[in-house]
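Asks: Handing you this structure, nothing more for now.
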Amino acid sequence: MFHPITPAHYLVLSAALLTIGTLGVLSRRNIVVILMSIELILNAVNINLIAFSRLHGQVTGQVFAIFVITVAVAEAAVGLGLLIALFRNKETVLADEIDLLKW
Amino acid sequence: MTDTLFFYSFALLTLAGAVLTITRRSAVHSAIWLIVSLLGVAGLFLLQHAEFLFAVQIILYIGGIMVLFLFVIMLVNLDLAARQARFNKAWWLALACGAAVGAEILYFLHRGAGAFRLGATGAAPAAAGTGNVEQLADVLFSEYLVPFEVASILLLAAIVGSVIMAKKRV
């Protein structure tokens with residue numbers, strides 16, 4: 001009944017989390033939720049990096065996970081700043097209503 | 001045995017939280033479920049003996065980023081958005097892409113662990129008496145010192161950029 005947990009388990013879990021995050025980015029209209037979905041995608045990447053770090057017995061994967069978290073923080077801060085500026089000018093947070101450049 | 005049990009419970013926490021994050025109508029509910037999902041990921045880090053990243057995940061993601069999200073949700077009026085359609089017009093296309101990847105994942109689940117050839121585990125066991133944080137610091141501050149410093153420049157640019165974006169008049 002209980003199989004031992006291998007790195008493959010983590011890879012499949014990470015792929016599933018990445019798929020859910022991508023679905024969120026592609027299908028939601030609310031920009032706040034789209035930014036949250038991007039966080040989910042970056043977390044899937046981190047799970048992957050740490051699974052391989054464990055597999056190879058090195059901490060390099062964890063170092064890269066730290067860099068990924070750094071970029072995620074910067075992305076969230078800039079994205080939410082953009083969102084505030086957008087809401088001040090356009091009074092909307094729905095991604096498909098911001099279509100100024102669309103023909 | 002306990003490892004297996006913990007893995008499946010954390011995986012359930014992660015995936016259920018993620019699905020609820022992208023399907024809830026209210027952005028506040030989405031944020032709360034995202035916290036649940038991130039907690040699951042933190043548990044997976046702990047299972048993989050990445051104790052430092054477990055702490056970083058809790059402090060930085062759940063304590064920092066999620067508070068930022070909740071603040072912005074308060075600043076921005078989301079009541080109108082919550083009453084409108086949640087999904088955009090191309091949701092079926094997104095669902096088709098998701099179903100395709102989901103089918104691949106199910107195929108790998110069906111094949112089992114034998115489908116993966118991950119190569120030899122070049123496991124160099126850690127020197128006795130050095131913890132995870134110590135090993136991480138050794139690598140981060142010697143081999144990856146330059147990327148570490150560049151990351152600080154990135155963070156500085158992000159701070160300045162987000163302040164300028166959110167200011168009323170620059």
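What follows draws every value from the coordinates through simple rules; no lab data is involved. Keep in mind that this is a model prediction, so the values were computed, not measured. FYI the Cβ positions are ideal-geometry reconstructions off the backbone, even for glycines, and counts take in every protein chain you see.
Asks: If you place +1 on the Cβ of every Lys and Arg, -1 on the Cβ of every Asp and Glu, and leave all else neutral, what size is the dipole of chain B about its Cα centre, to the nearest 20 Debye?
Replies: On the way: 10 positive and 8 negative charges, 227 e Å.
My answer is approximately 1100 debye.
Asks: For labels at B:Lys167 and B:Glu134 in the simple 7 Å Cα→Cβ model, what's the distance in nm?
Replies: Each label point is offset 7 Å from its Cα along the Cβ direction, giving 4.7 nm.
Asks: Work out, step by step, the length gained on full extension between B:Val146 and B:Ala100: first 0.36 nm times the residue separation, then minus their alpha carbon distance; give nm to one decimal. Numbers along the way, then the final one.
Replies: On the way: separation 46, 0.36 × 46 = 16.56 nm, distance 4.01 nm.
The span from B:Val146 to B:Ala100 would gain 12.5 nm if fully extended.
Asks: Here's another thing I want to ask about it. So how long is each side of chain B along the principal axes, counting just the alpha-carbon atoms, biggest first, in Å?
Replies: 57, 47, 27
Asks: Arrange the peptides B:38-49, B:90-101 so that the one whose residues have, on average, the most other Cβ atoms within 10 Å appears first.
Replies: Values: B:38-49: 21.7, B:90-101: 13.6.
My ranking of the peptides, most packed first, is B:38-49, B:90-101.
Asks: Give, rounded to the nearest 20 debye, the magnitude of the charge dipole that chain A has about its Cα centre when Lys and Arg contribute +1 at Cβ and Asp and Glu contribute -1 at Cβ. Mind showing how you got there, number by number?
Replies: Values: 6 positive and 6 negative charges, 21 e Å.
In total the dipole reaches around 100 debye.
Asks: Further question: Averaged across the residues of B:149-160, what count of C-beta atoms belonging to other chains lies within 10 Å of each residue's C-beta? Show your work: numbers first, answer last.
Replies: On the way: counts 0, 2, 7, 1, 0, 5, 5, 1, 2, 10, 4, 1.
Partner Cβ neighbours, averaged per residue: 3.
Asks: Near A:Lys102, which lysines are there with a Cα under 21 Å away, not counting those fewer than 8 places off in the same chain?
Replies: A:Lys90, B:Lys89
Asks: With a Förster radius of 41 Å, plug the Cβ-Cβ distance of B:Leu154 and B:Leu12 into 1/(1 + (r/R0)^6) and report the FRET value to the nearest 0.05. The partial results should precede the final answer.
Replies: Numbers: r = 34 Å, r/R0 = 0.84.
For R0 = 41 Å, the calculated efficiency reads 0.75.
Asks: Can you tell me the Rg and the Dmax, both Å, for the Cα atoms in the protein assembly as shown?
Replies: 19.8, 64
Asks: I'd like the mean, over residues of B:53-63, of how many other protein chain beta carbons sit within 10 Å of each residue's own Cβ.
Replies: Values: counts 11, 1, 0, 5, 4, 0, 0, 5, 8, 0, 0.
Across B:53-63, the average partner-chain Cβ count within 10 Å equals 3.
Asks: Would any residue of segment A:57-85 have its amide N under 15 Å from a label point 7 Å out along Cα→Cβ of A:Leu100? List them or say none.
Replies: Once the point is set 7 Å along Cα→Cβ of A:Leu100, A:82-85 turn out to lie under 15 Å by backbone N, inside segment A:57-85.
Asks: Okay, next question. Run the Debye formula on the Cα coordinates of chain A, all scatterers equal and no solvent, and tell me log10 I(q)/I(0) at q = 0.16 1/Å.
Replies: Log10 I(q)/I(0), no solvent term: -0.79.
Asks: Rounded, prolate or oblate, given the Cα gyration tensor of segment B:53-119, with a/c below 1.5 counting as rounded? Let's see the in-between values first.
Replies: Values: a/c = 5.28, a/b = 1.38, b/c = 3.82.
Oblate is the answer for segment B:53-119, as a/c is 1.5 or above yet b/c matches or exceeds a/b.
Asks: Using the beta-carbon distance between A:Ala85 and B:Arg83 and R0 = 25 Å, what value does 1/(1 + (r/R0)^6) give for FRET efficiency, to the nearest 0.05? Intermediate values should be presented prior to the final figure.
Replies: Details: r = 23 Å, r/R0 = 0.94.
Rounded to the nearest 0.05, the efficiency is 0.60.
Asks: Would any residue of segment A:15-39 have its amide N under 16 Å from a label point 7 Å out along Cα→Cβ of B:Leu75? List them or say none.
Replies: Flagged as within label range: A:31-33, A:35-36.
Asks: Here's a follow-up. Determine the equivalent ellipsoid of segment B:2-69 by diagonalising the alpha-carbon gyration tensor, then write out the semi-axes as square roots of 5 times the eigenvalues, largest first, rounded to whole Å.
Replies: Values: eigenvalues 93, 51, 5 Å².
Each semi-axis is the square root of five times an eigenvalue, giving 22, 16, 5 Å.
Asks: Given only helices, namely DSSP H runs of n ≥ 4 each adding -39500 (n - 2.57), what is the per-residue ellipticity at 222 nm of chain B, to the nearest 500 deg cm²/dmol? Walk me through the numbers on the way to the answer.
Replies: Numbers: 8 runs with 116 residues, N = 170.
It comes out at -22000 deg cm²/dmol, rounded to the nearest 500.
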